[in-house]
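Worksheet for the structure shown next.
The values are calculated or read from the model by the stated rules, or taken from the named source; none is laboratory data. All figures in this text were calculated on a predicted structure; none of them were measured in a lab. When we count neighbours, we look across all protein chains shown, and the Cβ atoms used for this are built from the backbone with ideal geometry, even at glycine. Keep in mind that these areas ignore ligands, DNA and RNA; they rest on the heavy atoms of the full protein, side chains included. Shrake-Rupley method; radii C 1.70, N 1.55, O 1.52, S 1.80 Å.
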Amino acid sequence: MMGPAHSLSGAAAWLGVGAAAAAFDHPMPWPVLVAGALICAGAALAPDLDHKSATISRAFGPVSRGLCEIVDKLSYAVYKATRSSADPRRSGGHRTLTHTWLWAVLIGAGASAAAVTGGRWAVLAILFVHLVLAVEGLLWRAARMSSDVLVWLLGAAGAWILAGVLDQPGNGAAWLFTGSGQEYLWLGLPIVLGALVHDVGDALTVSGCPILWPIPVGRKRWYPLGPPKGMRFRAGSWVELKVLMPAFMVLGGVGGASALGFL
């Protein structure tokens, strides 16, 4: 899928988690719901770090473009080193390593560890990166028309405000994990969810997605998981724009209203 659809699906997924948490009598404070939805929307773009033409490659200028080049080469190297004889030959790393459940879990765990051990500045950095990505995905038309600096300033201001709100007693810094020193441990959860939602979205397209790697399926280690061929669509097609994106908006709205107790 394209960047805007990925971000919408990520936000909708976290709002759905918020609704589920409320249903199980462990509601999210509204700052966690908002911050998590934005983080998840941004994280839903991150697996495309292996693609130099993706939205994320433009998000941070030369830094993100250079990182995309490195991740693409790393992903390709991992693919070549681990492919079986049944896996096709490739010329690049797109939709390989960063499009797996293992990558999602490792990135999320790394973010949680950084948030717990790195203190406020680590939390601000995580929020900043994902808020910038969320703006690039959810407000992509406006982001394309404005300068990168304005988007970065918006991300920095949003990160500072959200961190300040979350730090207030009862507002969610210690949501879910309440032990001493576990504040912000939950930050990795929307990152894992966003990456997995991205992978599921890509699995619906023509090429499929090797979500299960390194678990083999049949003779393939990089099996492109997806529905039957006739149910798949091309990225950017009318199915994505006219069906899925409106559906994500509706589902996100319902999830958010349920999470906040309005339904």
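Filtered by the rule that a residue be part of a strand (DSSP E or B) and surrounded by fewer than 18 Cβ atoms within 10 Å (Cβ to Cβ), region 168-217 gives a lone residue, 217.
Given the structure, is residue 116 crowded, with 22+ Cβ neighbours inside 10 Å, touching a residue at least 40 places away in the same chain (Cβ under 8 Å), among the β-branched types (Val, Ile, Thr) and part of a helix (DSSP H, G or I)? Answer is no for this residue. With respect to the numbered conditions (1) more than 29 Å from residue 204 (Cα to Cα); (2) modelled with pLDDT of 95 or more; (3) surrounded by 15 or more Cβ atoms within 10 Å (Cβ to Cβ), which one is the sole condition not fulfilled by residue 105? Every condition holds for residue 105 apart from (1).
Number of residues in region 225-249 that are closer than 20 Å to residue 3 by Cβ and part of a helix (DSSP H, G or I): the value is 12.
Is one or more of the residues making up region 251-262 farther than 19 Å from residue 95 by Cα, open to solvent by 30 Å² or more (accessible area, probe 1.4 Å), assigned to a helix (DSSP H, G or I) and touching a helix residue (DSSP H, G or I) at 6+ places or on another chain (Cβ under 7 Å)? The answer is yes, given that some residue of region 251-262 is farther than 19 Å from residue 95 by Cα, open to solvent by 30 Å² or more (accessible area, probe 1.4 Å), assigned to a helix (DSSP H, G or I) and touching a helix residue (DSSP H, G or I) at 6+ places or on another chain (Cβ under 7 Å). Restricting attention to region 91-102, does a residue exist that is under 17 Å from the mean Cα position of the chain (by Cα) and open to solvent by 60 Å² or more (accessible area, probe 1.4 Å)? Yes: one or more hits. Filtering region 81-96 to residues that are in contact (Cβ under 8 Å) with a residue 60 or more places away in the chain and either within 21 Å of residue 197 (Cβ to Cβ) or among the β-branched types (Val, Ile, Thr) (or both) leaves 82, 95, 96. Against the test of being open to solvent by 50 Å² or more (accessible area, probe 1.4 Å) and over 14 Å from the mean Cα position of the chain (by Cα), the options 63, 71 yield a single qualifying residue, 63.
Of the residues 9, 53, 84, the single one that is in contact with a Phe, Trp or Tyr (Cβ under 9 Å, 6 or more places away or on another chain) and not in a helix (DSSP H, G or I) is 84. Annotation: residue 28 fulfils all but one of (1) under 25 Å from residue 253 (Cα atoms); (2) in a helix (DSSP H, G or I); the unmet one is (2). Cβ-Cβ distances below 9 Å connect the following pairs, each with a first residue in region 218-231 that is over 9 Å from residue 204 (Cα atoms) and open to solvent by less than 70 Å² (accessible area, probe 1.4 Å), a second residue that is among the small types (Gly, Ala, Ser) and part of a loop (DSSP other than H, G, I, E, B), and a separation of six or more residues or different chains: 220/84; 220/86; 222/84; 224/207; 224/208.
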